[in-house]
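Remarks on the structure that follows.
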Amino acid sequence: MDVYQKLAILTEAAKYDVSCSSSGAAERGGGRLGSALPAGCCHAFAADGRCISLLKILLSNACAYDCKYCLNRRSADFPRATFEPRELADLTVEFYRRNYIEGLFLSSAVFGSPDYTCERMIEVVRILREEYGFTGYIHAKAIPGASDGLTRRLGLLADRMSVNIELPSRESLGLLAPDKTKESIVHPMTFLRNGIAENREDLVKYRSTPRFVPAGQSTQMIVGASPESDYRILTLSEKLYQNYGLKRVYFSAYTPVVEDSLLPAVDTKPPLLREHRLYQADWLLRFYGFQAKEILSPERPMLYAEIDPKCGWVLRNMDDFPVEVNTADYELLLRVPGIGVTSAKRIVRERRQHSLDFEMLKRIGVVLKRARFFLTCGGVSMQALPETPEQALEWLVGPRSSPSLPDYEPEQLSLFHSALLREEAVPCLKGEF
Amino acid sequence: MPGEVLVYEYDGSYDGLMTVVFDCFREKTVPCEIRVHGEGGESFYEIRSVSADPYRAGRVKNGIREKLGPAAEEMVRSGFLYGEGGKEMAILRFLKKAFAVGPGAVSMVADPEINPLFRMARAVGNERQKMLQFIRFSDVGGALRAKITPKHEVLSLLGGHFCLRYRNENFLIYDQAHGEALAYSGGRSVLFKADSLTLPPEAEEGDAFYRELWKSYYRHVSIAERYNPRCRMGHMPKRFWADMPEVAEELERGFVPPEEVFGAAKRGGGYSLRLLPERQTRMLPEPMQVGEPRERPVSGDETDKRI
């Protein structure tokens, strides 16, 4: 089998992994090829609109495990391929030289044993770092079950590592990934967290300490393969950020690739809108100072389909609005729909020089499409302000057949089964969401 | 506001424009246009032709550095690379205002005198970012070469990044839109004007191999169920496609049905991957169902850029 075929098979096998960011890497000195961009860099966008930043590929797809949702599972009738470490290292360098990619995202099915798999991965990264002097970005998957010593060696060579949680609860994991346990996932995460924290201390003491996973760790959850609510997913993400210091939690709309009685039917469409809303909520957690319990609650466990989570929060907290642009705190400005981190910072910087009106807001690039309903400049609003949440909702999304907020509907979950989100109407694990 | 019935002409260089700025300050005038020699037609206005003068230009440049600070200098410098017209007046109006208010001027982007230059500098910065993303090199006998067609003259802003990244390589980037080239070899880089440049032919054996691999990777990594051409075009506008091997073919053919865009297609219920019989064979997967246009599905990494 030549490189061309291996690349095709192992790319297909890796593409459902979401993470592709190349941000947060520190400059490594002493190399011969490559540099880091702190903000990351997307080098292409695939036909599905997803960014291609890294060469995202498996070292092998000959998996020893039999996870139900995974297309590389042992029982699948599927062509298998395994790269030689040197082949993959050469490929990475040649792609990198042509500015096709920002680095390598190396993952692998468990072939042989977890330790053996991890050793082969280390070999790829070692060739890149030591033989090619490659200082570009490398994201390596931690292999659950591999020994700590090996994970540590991998972490010293890579920029970022990740362990995929895959399913957001222990029950789903037991049902769909019988070879994995919560412990086998939590262990490498904890190991990475402690390693990163120790390394940070050591770096303060000794400048020459080799850096361990300098770009931090991330994880991924599949959305829509199992019955967990958005609330559960979001609180889990929040805990991961707080307790494990994760850089990112990725969500992956479940795309059915295998037939199994425990999984959504194969003709189910991936819940893309739900994934999108979850990312919006995730952003609110990380950059907008929101807490998961402000966005969702056990009584209202799903995000709205029609409006983004921030608008949802605003409609429940209409008393805090309108916000006065010239005096409001940065934190409050961030809570106005349509105003993001860039706009809020620009407003704060700008108003030190002079007071702002709506014309000026437009000029500095603040998008007023939604913000205009919730702002005043010097006590004057741009237009009439909504008086009730229903009115605000109508202005935000246009006239609706039913004037009530999704919130007030007795069975708000049914929202996801309406025409709006047919993709969600899937026969799921335990019946309904 | 431009009130005077006056047009300045300069030679198109940065020093030339700085000389014009010096003259405008000395004469206390604001012309209604500043243009490059030979551009624009006849005018009823008085035309003053200015040639670049190192002394006068130097005084303005020093003034910017010392009185307005490095942020303002950078804004003027990158504004000058703007390629869609109007940069000269924007710079002059910015400097008039900025010398009146001091270093705080760069953060007064809502000001009507300052805003145009701010926008231009931002557009140039964005174009530079796009270039860092989408430049594609090909290997010609061990050296790398790339061809770009940017809107703004960003080549000079790319040197730092690529010289660091490919520090042990030899490379050449040719900006065919502005007739400029950047060459790097052995730790030194040169930026030179070159109206036409005969580049070495692209089709080298070894290079074609990796280009084909890359095209195959590009096809295989996308998920058919998430087909979203608008999202792709938003992030990767078509004006860059001609210089990118993975999409150049699609651009040439115009619309390409989605089933041909993807490396693998779904067959019936299960999932199957078709193997390539040989390396160079183009894949033509079977037609597949593609979902209805969705409500702005957005991938996770797209949002990355808003940090």
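The values are calculated or read from the model by the stated rules, or taken from the named source; none is laboratory data. Remember, it's a predicted structure, so these values are computed and weren't measured experimentally. Please note: Cβ atoms are built from the backbone with ideal geometry, for glycine as well, and neighbour counts cover all protein chains shown. The area values use the complete protein model at the heavy-atom level, side chains included, leaving out ligands, DNA and RNA. Shrake-Rupley method; radii C 1.70, N 1.55, O 1.52, S 1.80 Å.
Listing for the model above:
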| quantity | calculated |
| --- | --- |
| Choice from A:Gln242, A:Gln353, A:Gln220 with maximal GNM fluctuation in chain A (Cα, 10 Å cutoff) | A:Gln353 |
| When the convex hull of its Cα atoms is projected in every direction, mean area for chain A (nm²) | 23.2 |
| Percent accessible area from carbon and sulfur atoms, region B:38-152, protein chains only, probe 1.4 Å | 51 |
| Per residue, the convex hull volume that the Cα atoms of region A:201-290 enclose (Å³) | 125 |
| P(r) weight above 26 Å for region A:226-369, C-alpha pairs, percent | 37 |
| At least 50 Å² of accessible area lost relative to the chain alone, listed for region B:206-227 with a 1.4 Å probe | B:Tyr210, B:Leu213, B:Trp214, B:Tyr217, B:His220, B:Val221, B:Ile223, B:Glu225, B:Arg226 |
| For the protein assembly as shown, the spread of Cα positions along each principal axis, largest first, Å | 83, 70, 59 |
| Centre separation in Å (Cα based) which lies between region B:47-121 and region A:346-372 | 22 |
| Accessible carbon and sulfur surface of chain A relative to its total accessible area, %, 1.4 Å | 50 |
| Reciprocal of mean inverse Cα separation for region A:1-160 (Kirkwood radius, Å) | 15.9 |
| Shape metrics for region B:109-223, restricted to C-alpha atoms - Rg then Dmax, Å | 16.7, 56 |
| Three semi-axes of the equivalent ellipsoid, region A:1-74, Cα gyration tensor, whole Å, largest first | 27, 16, 14 |
| Filtered trypsin sites (Lys or Arg not before Pro), region A:185-216: DSSP coil and at most 13 other beta carbons within 10 Å | A:Arg207 |
| Region A:1-121, dipole about Cα centre (Lys/Arg Cβ +1, Asp/Glu Cβ -1), debye to the nearest 20 | 100 |
| P(r) tail fraction, region B:43-94 - alpha-carbon pairs more than 12 Å apart, % | 72 |
| Summed buried accessible area for B+A [probe radius 1.4 Å, Å², rounded to 100] | 7400 |
| Over region B:50-145, relative contact order from alpha-carbon pairs under 8 Å, at least 6 apart, % | 26 |
| Distribution of pairwise C-alpha distances over region A:254-297, 5 Å bins, in % | 5, 20, 19, 14, 12, 12, 12, 5, 0 |
| Nitroxide proxy distance, nm - points 7 Å out along Cα→Cβ at B:Arg26 and B:Glu212 | 6.5 |
| Cross-link reach list, lysines versus A:Lys141, counting only Cα pairs under 28 Å and skipping chain neighbours closer than eight places | A:Lys6, A:Lys15, A:Lys56, A:Lys68, A:Lys180, A:Lys182, A:Lys239, A:Lys247, A:Lys269, B:Lys215, B:Lys266, B:Lys305 |
| Calculated over region A:6-48: convex hull of Cα atoms, volume per residue (Å³) | 116 |
| Per residue solvent-accessible surface (Å²) - the protein assembly as shown, probe of 1.4 Å | 41 |
| Span from the region A:160-178 Cα centroid across to the region A:275-305 one, whole angstrom | 21 |
| Which of A:Tyr96, B:Val21, A:Leu356, positive extreme of dipole for the protein assembly as shown (C-beta unit charges) | B:Val21 |
| Cβ charges +1 (Lys, Arg) and -1 (Asp, Glu), total dipole of region A:137-195, debye | 160 |
| Extension reserve of the A:Glu387-A:Leu203 stretch, reckoned as 0.36 nm per residue once the Cα distance is removed | 60.8 nm |
| Computed over region B:1-109, Cα set: Rg, Dmax in Å | 13.3, 39 |
| For region A:68-114, Kirkwood radius (reciprocal of mean inverse C-alpha pair distance, Å) | 12.9 |
| Residues in region B:103-127 occluded by at least 40 Å² - accessible area, probe radius 1.4 Å, against chain by itself | B:Ser107, B:Met108, B:Val109, B:Ala110 |
| Given charges at Cβ of Lys, Arg, Asp, Glu: the protein assembly as shown dipole, positive-most of B:Leu95, A:Ile347, A:Ala76 | B:Leu95 |
